[in-house]
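Scroll down for the structure; my scribbles are underneath it.
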Amino acid sequence: MAMMRWNEKMSVGMVELDADHKELIKVINQLGANAKDEARRNAIRQSLFALLRYAEYHFAREEKVMAACQYPEIREHKLEHRDFVERINHLHRRFDEGPEEAAAIVNEALLTFLQDWLKHHILIEDMAYQSYVELSRAAKQAARSFKATKIWWTQ
Ligand SMILES: [Fe+2]
């Protein structure tokens, strides 16, 4: 599985949200690296947990930014976020029930899904708010005041 890379075309016009997206890509790449070795199931589970928590954090931040600049499509956008979190949450729970079976699901198809989802989400869904957030002082303030700590997504 090829590593996913962030590029300038993915820039949503706000440095904080671009940085979040780069972190999400890093976590997905980590998941791909860990999935190659079956003995590293715990590392896979940890990466999945990191993805879940980081996605939750980033979506919350992005939603604050969208609300601050009164982005009209915020409702639909939030639904996309919820759907993604629900899918990852479901997969993470499977590790509690049967780590062996769960690790087997973290295969190329899943990684392709994660990469495709994020790529599509940034380039299509997120890009739609670019012109709103770029011009909004309130949006910039919302992005800056919403900070995460690494503790949030480490187990
Ligand atoms: Fe988004």
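The values are calculated or read from the model by the stated rules, or taken from the named source; none is laboratory data. No experiment lies behind these values; they were computed from the predicted model shown. In case anyone asks, the SASA skips ligands and DNA or RNA and just uses the protein heavy atoms, side chains included. Shrake-Rupley method; radii C 1.70, N 1.55, O 1.52, S 1.80 Å.
Rolling a 1.4 Å probe over the protein heavy atoms gives the chain an accessible area of 55 Å² per residue. Take the alpha carbon gyration tensor of the chain, find the square roots of its eigenvalues, order them as a ≥ b ≥ c, and report rounded if a/c is under 1.5; if not, report prolate when a/b exceeds b/c, else oblate. The shape class here is prolate. Measuring nothing but protein heavy atoms, the accessible surface of the range 60-135 at 1.4 Å probe radius is 51 percent carbon and sulfur.
Between the Cα long axis of helix 108-120 and the first principal axis of the chain there is an angle of about 0°, rounded to the nearest 10.
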